[in-house]
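After the structure tokens below, expect a handful of questions from me.
The values are calculated or read from the model by the stated rules, or taken from the named source; none is laboratory data. All of these numbers come straight from a predicted model, not from anything done at the bench. In this analysis, Cβ positions are derived from the backbone assuming ideal geometry, glycine residues included, and neighbour counts consider all displayed protein chains. In case anyone asks, the SASA skips ligands and DNA or RNA and just uses the protein heavy atoms, side chains included. Shrake-Rupley method; radii C 1.70, N 1.55, O 1.52, S 1.80 Å.
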Amino acid sequence: MAFSRPLVSSMLLVCLLFSFSDAREILVGGKTDAWKVPSSESESLNRWAGASRFQIGDSLVWKYDANKDSVLQVTKEAYASCNVSSPIAEYKDGNTKIVLDRSGPFYFISGANGHCEKGQKLIVVALSPRSGFISFSPAASPSEIEAPAVAPTSSATSLKGGLMVVLASLVVGMVLF
Ligand SMILES: *[C@@H]1O[C@H](CO)[C@@H](O)[C@H](O)[C@H]1NC(C)=O
């Protein structure tokens with residue numbers, strides 16, 4: 001084996017560090033038919049988002065009928081005015097996955113005619129895993145975000161995945177040593 005002990009040890013350490021922030025895929029609204037005009041305030045996606053916790057590296061997944069709807073990532077201004085004319089990105093494949101690649105707010109609206117005006121819109125705030133707190137840029141003060149502040153929820157699933165990786169790393173380490 002050409003590996004030196006320090007090298008293997010640092011590789012294990014890196015595995016350990018990353019295993020606790022493993023990225024998740026999060027289904028928007030928590031179910032497959034959630035990307036639609038909400039029939040009541042309690043069905044609003046921002047209410048769902050406010051009760052969820054999003055971290056950098058997590059992916060949002062939308063499931064919808066590609067013939068009837070789409071997902072537009074837009075600026076804060078376009079979100080507020082439901083302006084669908086020049087989105088940052090447009091997705092209409094019915095199975096859209098977007099990685100939250102930075103901290104801060106992400107704004108999404110429906111591209112279907114009139115849907116955004118009827119409340120089919122979503123703000124997701126990605127947290128930096130290290131701080132665990134929202135670091136708002138001056139352009140986005142908490143009062144401008146419709147969704148309530150993100151409540152810390154259990155990250156048991158992610159922790160369990162992390163432990164599996166730790167165990168796997170230890171086994172690999174024992175074999176190599
Ligand atoms: C929508 O956004 C585009 C591009 O930013 C802008 O040119 C247009 O005037 C906006 N439309 C409305 C109705 O605000």
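In debye, nearest 20, what is the charge dipole magnitude of region 53-132 about its Cα centre with +1 on Lys and Arg Cβ and -1 on Asp and Glu Cβ, if you could check?
Working: 10 positive and 8 negative charges, 48 e Å.
Dipole of region 53-132, to the nearest 20 debye: 240 debye.
Highest mean first, how do 103-112, 69-78 rank when packing is the count of other Cβ atoms within 10 Å averaged over residues?
Listed from highest to lowest mean packing, they are 103-112, 69-78.
Given points 7 Å out from each Cα along the Cα-Cβ axis, report the A80 to D33 separation in nanometres with one decimal.
Taking the simple label geometry, A80 and D33 are separated by 3.5 nm.
Another question, if that's okay. Please compute the modelled spin-label separation between D101 and E25, points set 7 Å along Cα→Cβ, answer in nm with one decimal.
In this crude spin-label approximation the distance works out to 1.9 nm.
How about K68: which lysines have a C-alpha closer than 27 Å to its C-alpha, ignoring those fewer than 8 places off in the same chain?
K31, K36, K76, K92, K97, K118, K121
Now, a different point. Using a 1.4 angstrom probe, figure out how much accessible area region 41-121 has per residue, in square angstrom, rounded to the nearest whole. The partial results should precede the final answer.
Values: 3880 Å² over 81 residues.
Per-residue value: 48 Å².
Put a dot 7 Å past each Cα toward the Cβ at E117 and N67; how far apart are the dots in nm?
Computed distance between label sites N67 and E117 equals 2.5 nm.
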